[in-house]
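Contents: one structure, followed by commentary.
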2 protein chains.
Amino acid sequence: MTATAASAPDRTVDDVARTAAAAFAGLAQVAPATRADALRRAAAALGEHADELVATAQVETGLAEARLRGELKRTQVQLRLFAHVVADGAYLDVRLDEADPDFVLGPRPDLRRALWPVGPVLNFAASNFPFAFSVAGGDTAAALAAGCPVIVKGHPGHPWLSERTAQIVAGALVEAGLPEGTLQLVTDQDAGVALLEHPSVRAAAFTGSQRVGQLLAARAAARPDPVPFFGELGSVNPVLVTAAALEERGDALLAGYVASVSGSAGQLCTKPGFLLVPDGTAYDDAVVAAAADVPEHRLLNPSIADGYERRVSAVLGADGVRVVRPGGFRRDADGQAWVTPTFVSVSLDALRGAGEAVLDEVFGPFSVIVEYPRGTDLAAVVGELFPGNLTLTLHLGAGETSADQGALVSALGEHAGRVLLSGWPTGVAVTPAMQHGGPSPATTTDGTSVGTAAIGRFLRGVTFQDAPQELLPAPLRDDNPWDVPRTVSPRGASAEW
Amino acid sequence: MTATAASAPDRTVDDVARTAAAAFAGLAQVAPATRADALRRAAAALGEHADELVATAQVETGLAEARLRGELKRTQVQLRLFAHVVADGAYLDVRLDEADPDFVLGPRPDLRRALWPVGPVLNFAASNFPFAFSVAGGDTAAALAAGCPVIVKGHPGHPWLSERTAQIVAGALVEAGLPEGTLQLVTDQDAGVALLEHPSVRAAAFTGSQRVGQLLAARAAARPDPVPFFGELGSVNPVLVTAAALEERGDALLAGYVASVSGSAGQLCTKPGFLLVPDGTAYDDAVVAAAADVPEHRLLNPSIADGYERRVSAVLGADGVRVVRPGGFRRDADGQAWVTPTFVSVSLDALRGAGEAVLDEVFGPFSVIVEYPRGTDLAAVVGELFPGNLTLTLHLGAGETSADQGALVSALGEHAGRVLLSGWPTGVAVTPAMQHGGPSPATTTDGTSVGTAAIGRFLRGVTFQDAPQELLPAPLRDDNPWDVPRTVSPRGASAEW
């Protein structure tokens, strides 16, 4: 089977995988300072080609220039942030247990543990973030930072952008001293699946639909040697609103909701798919007024448009669904769809009755306003109908700060990776405390795909016991040549255990 | 379906799972100091019943009293060590990003992330460590420390010990203020599988055979909402010996090997299943002499004995296998098997030819000496024949400290969780830097089941964004009431990114 990247049409899957394995061996010889420098150079190279890359992305995705420039900057910042993580070294979680003849359970050997790269990582790129979750995106940055070569399965929605990004970034990495093959691109779908089953691939990351993500996760689990599959499969991101919040700032709140649903034509995995309001709330006028200002936006590609049409029809066909604000949908001569946002409403009971037809994600500028009876236990509703999300948002009134509300906030944390108070979930900060990943079905495996903690997905612990200094990997040596932070368990300290 | 613990014969699986879910909600209200105290009390309660527990274990497992007393102490130390981890709070990995209007990618909200318990954990106990990997063993201690209720599926090899341990420990936990149902025991095999598929169970741990572990892992992955399955499935733990090491200390080395294979009748997941020596090495006499001192030992139970007989026959039937030291095997009137150790040898080429028949684990006092041609690339042999192990051991001569040997040590780290220099893999220290878990097939999912890092398997990240102080979980509040270590990203610091 050939891997068919346009830049290397004749390479086989096995050739790509073996190249990654060879690069992994080479990367192990590279000092972390060089790896950090390579990430910074990759960021700089993207900046040097910004005009060309953004123009290509505009044509291929229909996303607006300002959004794409912001996303490219985010992608550069991700790479530089991980350079910082690599240089710091705390991510290695180095633990040194001194040999201890008086250890409470009998003599303890000298034990030195750190986290090490898992090996070549396969990264299935997303359609909706052609920079930030694609060839040089967050998963690639995290894996490279960990010391893993990356094979990207490019998304067919932006093929030329993928090729150019791969050329630019791979070139920068090699120039910085990383091995050839540290970053590779394949474009063929079957090649992606074959690589997922190749013994040299040690972990996979994915951002995309539930259906495809679950299929691929099952393939990864069915290998003779299963590998972790970190899939981010989207989310419906319910927003819970109290009567007090609406009373205080109803119009602003509803305008914020419409803006969060409409940005990037709703093609964001953190788009609020549901707004839960107390019954009797008046929201139609405010939603219609805010939505009137939203310009027509192209959907990413005809396949996304097909899915959007299908899901919108399913929701509109469900019992008890009322259209609050009908959106537009038209195809142009190239088969691309142009849309404006649609909002519908449904009672909590009708939502229960409709089930998946309404509860499943609609990827695009569409959202459902759910009217709940006053006094409803919102935590129970989330557990029942929305058990796994990337985000859950709670809009409270200024005075709602009781222990009950504190318990609700904590309970929401059981069903999401990020819990927001009185904000909007779209817009994900790239920063140490970010969590982008939540209980199933939001992600297949615990972990975050945004923020510095994302590096942990591509690391595994290995302990070296009683190794002479000369044979130890650098971060475990007494002289600590990389100057990484380390936690020492001294001899003689175990009596208290 | 009934869960049929003898102490509660009429409880259904659903009842057990709901009880665990209710205990989880209760545990969330318990301060970490109370949780730490409860772990210490559980350890103390085990100590108070040591004589009774050890006597029961001796009858049910055939393991020697000294070994069982040591194991019970280890189990107590594990609980106390995790009490220390809970009280310290570093395991929460708290990260606070200050709100930053000048953040490099636009205004950053206030973000506060920590690791939280995943929910009820199902723990499939092992047969070979009736204390340390059973009802109150390492997986239970790690999950309780994380704040997760535990349902133990007891091993049928030591049913009464399991019941008594569960009564003693569950009682101590409740007395310390933890909710009823924080620790539960089920004994029925089908109940264990049904619990693995119950929506309230959020993670599973397992210590046992590859066959059963892989079956259960597949069930966990096939759930509509897959949960992590941390299976420790055993290992063959190759020991690589150089000519220089043999020359220096051949007799002592071979005596150490025999002792490591024979302890606890070889029924340890870190038993060295293979010793690789340069061809032309004389080892027969030393092995036979050392093995002569090993007393007959009972195998754990008739089912283990059946497996041992079957696997030994398979190895002995393979082409090129020569018996170095035949072991004994007899059944007593109760159907229990009594054994002495068996050692065989094979050339590297014959091992390649024999494949799984010889390469698969033999659980019991049996090991294979492999003669490799001098000059063989040992790292390549490990990658080819032994790709995933709990441990790999390298015996070098005193002068063998070159860069080549350093590269070999690092390469071994790709195929094991623990790499030992000139030691023996049996005897696993319970301590912060331990790693007990390695690449497939040794474990199903990355992680360690021994040492303080084991807690990480039962935690997931959740970030709270822009939450008022009053609504934040304790470890994220400005006043840090639990006094946990935290990493702060201050405002104004992102320009360098």
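The values are calculated or read from the model by the stated rules, or taken from the named source; none is laboratory data. No experiment lies behind these values; they were computed from the predicted model shown. Glycine gets a Cβ as well: all are built from the backbone with ideal geometry, and neighbour counts include every protein chain shown.
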Breaking point among (1) more than 29 Å from the chain's Cα centre (by Cα); (2) without any contact (Cβ under 8 Å) to a residue 60 or more places away in the chain, for B:V409: (1)
Given (1) crowded, with 22+ Cβ neighbours inside 10 Å; (2) touching a Lys or Arg at 6+ places or on another chain (Cβ under 8 Å), number of the condition B:H158 does not satisfy: (2)
Residue within segment A:307-330 that is small (G, A, S), within 26 Å of the chain's Cα centre (by Cα), surrounded by 20 or more Cβ atoms within 10 Å (Cβ to Cβ) and at pLDDT 95 or above present: no
Subset tally (residues that are within 17 Å of B:A204 (Cα to Cα) and of a type in the set (A, V, I, L, M, F, W, C)) for segment B:139-183: 11
Filter pass, A:A252 being among the small types (G, A, S) and in contact (Cβ under 8 Å) with a residue 24 or more places away in the chain: no
Tabulated pairs, segment A:56-77, first touching a residue at least 12 places away in the same chain (Cβ under 8 Å), second among the small types (G, A, S) and outside any helix (DSSP H, G or I), C-beta under 7 angstrom, 6+ apart or interchain: A:E60/A:G157; A:T61/A:G157; A:E71/A:A132; A:R74/A:A132; A:T75/A:A132; A:T75/A:A136; A:T75/A:G137
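Quick grid of which residues meet (1) touching a strand residue (DSSP E or B) at 6+ places or on another chain (Cβ under 6 Å); (2) assigned by TED's automatic domain parsing to the domain that holds B:L316; (3) closer than 14 Å to B:L412 by Cβ:
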{"position": "B:A357", "(1), (2), (3)": "no, yes, no"}
{"position": "B:V362", "(1), (2), (3)": "no, yes, no"}
{"position": "B:V368", "(1), (2), (3)": "yes, yes, no"}
{"position": "B:Y372", "(1), (2), (3)": "yes, yes, no"}
{"position": "B:T376", "(1), (2), (3)": "no, yes, no"}
{"position": "B:A379", "(1), (2), (3)": "no, yes, yes"}
{"position": "B:G383", "(1), (2), (3)": "no, yes, yes"}
{"position": "B:T391", "(1), (2), (3)": "yes, yes, yes"}
{"position": "B:L394", "(1), (2), (3)": "yes, yes, yes"}
Leading residue by the ranking (farthest from A:A243 (Cα to Cα)) among those in segment A:391-410 that are more than 9 Å from chain B (Cβ to nearest Cβ) and surrounded by 22 or more Cβ atoms within 10 Å (Cβ to Cβ): A:L392
Total residues in segment B:52-64, condition assigned to a helix (DSSP H, G or I), out of contact with any His (no Cβ under 7 Å at 6 or more places or on another chain) and more than 14 Å from B:Q76 (Cα to Cα): 5
Members of segment A:142-194 found to be over 21 Å from A:R40 (Cβ atoms) and of a type in the set (G, A, S), listed by number: A:G154, A:G157, A:S162, A:A191, A:G192, A:A194
Test result for B:L68, within 11 Å of chain A (Cβ to nearest Cβ), under 18 Å from the mean Cα position of the chain (by Cα) and not in a loop (DSSP other than H, G, I, E, B): no
Enumeration of residues in segment A:37-51 that are in a helix (DSSP H, G or I) and either of a type outside the set (G, A, S) or farther than 12 Å from A:T75 by Cα (or both): A:D37, A:A38, A:L39, A:R40, A:R41, A:L46, A:E48, A:D51
Qualifying positions in segment B:291-300 - touching a strand residue (DSSP E or B) at 6+ places or on another chain (Cβ under 9 Å) and buried (at least 21 other Cβ atoms within 10 Å of the Cβ): B:A291, B:H297, B:L299
Identity of the residue in segment B:465-478, within 25 Å of A:A442 (Cβ to Cβ) and either more than 7 Å from every other protein chain (Cβ to nearest Cβ) or in contact with a Leu (Cβ under 6 Å, 6 or more places away or on another chain) (or both), that ends up surrounded by the fewest Cβ atoms within 10 Å (Cβ to Cβ): B:D466
Residues located in segment A:101-141, provided they are away from chain B (no Cβ under 14 Å) and farther than 25 Å from A:S264 by Cα: A:L122
Some residue of segment B:346-360 being among the hydroxyl-bearing types (S, T, Y), buried (at least 19 other Cβ atoms within 10 Å of the Cβ) and touching a residue at least 12 places away in the same chain (Cβ under 8 Å): no
Qualifying strands (runs of 3 or more DSSP E) (wholly inside segment A:411-497; at least 2 residues being among the β-branched types (V, I, T)): A:459-465, A:486-489
Segment A:229-248 - residue that is assigned to a loop (DSSP other than H, G, I, E, B) and among the aliphatic types (A, V, I, L, M) and, of those, farthest from A:L421 (Cα to Cα): A:L233
Residues (more than 7 Å from chain A (Cβ to nearest Cβ), farther than 21 Å from B:A203 by Cα and in contact with a helix residue (DSSP H, G or I) (Cβ under 6 Å, 6 or more places away or on another chain)) located in segment B:411-450: B:A411, B:H415, B:W424, B:T426
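Let's see how each residue does on (1) crowded, with 24+ Cβ neighbours inside 10 Å; (2) touching a residue at least 60 places away in the same chain (Cβ under 8 Å); (3) aliphatic (A, V, I, L, M):
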{"residue": "B:P224", "(1), (2), (3)": "no, no, no"}
{"residue": "B:G231", "(1), (2), (3)": "yes, yes, no"}
{"residue": "B:G234", "(1), (2), (3)": "yes, yes, no"}
{"residue": "B:V239", "(1), (2), (3)": "yes, yes, yes"}
{"residue": "B:A243", "(1), (2), (3)": "no, yes, yes"}
{"residue": "B:E248", "(1), (2), (3)": "no, yes, no"}
{"residue": "B:V258", "(1), (2), (3)": "yes, yes, yes"}
Matching residues in segment B:217-230 - criterion: being touching a strand residue (DSSP E or B) at 6+ places or on another chain (Cβ under 6 Å) and within 11 Å of B:L196 (Cβ to Cβ): B:A217, B:A220, B:V227, B:F229
A:R311 touching a strand residue (DSSP E or B) at 6+ places or on another chain (Cβ under 8 Å), touching a residue at least 40 places away in the same chain (Cβ under 8 Å) and among the charged types (D, E, K, R): yes
Residue within segment A:385-397 that is at pLDDT 95 or above and in a helix (DSSP H, G or I) present: yes
Identity of the residue in segment B:199-211, more than 9 Å from chain A (Cβ to nearest Cβ) and out of contact with any strand residue (DSSP E or B) (no Cβ under 8 Å at 6 or more places or on another chain), that ends up modelled with the highest pLDDT: B:S200
Boolean, A:F82 is away from every other protein chain (no Cβ under 12 Å), within 26 Å of A:A203 (Cβ to Cβ) and not in a strand (DSSP E or B): no
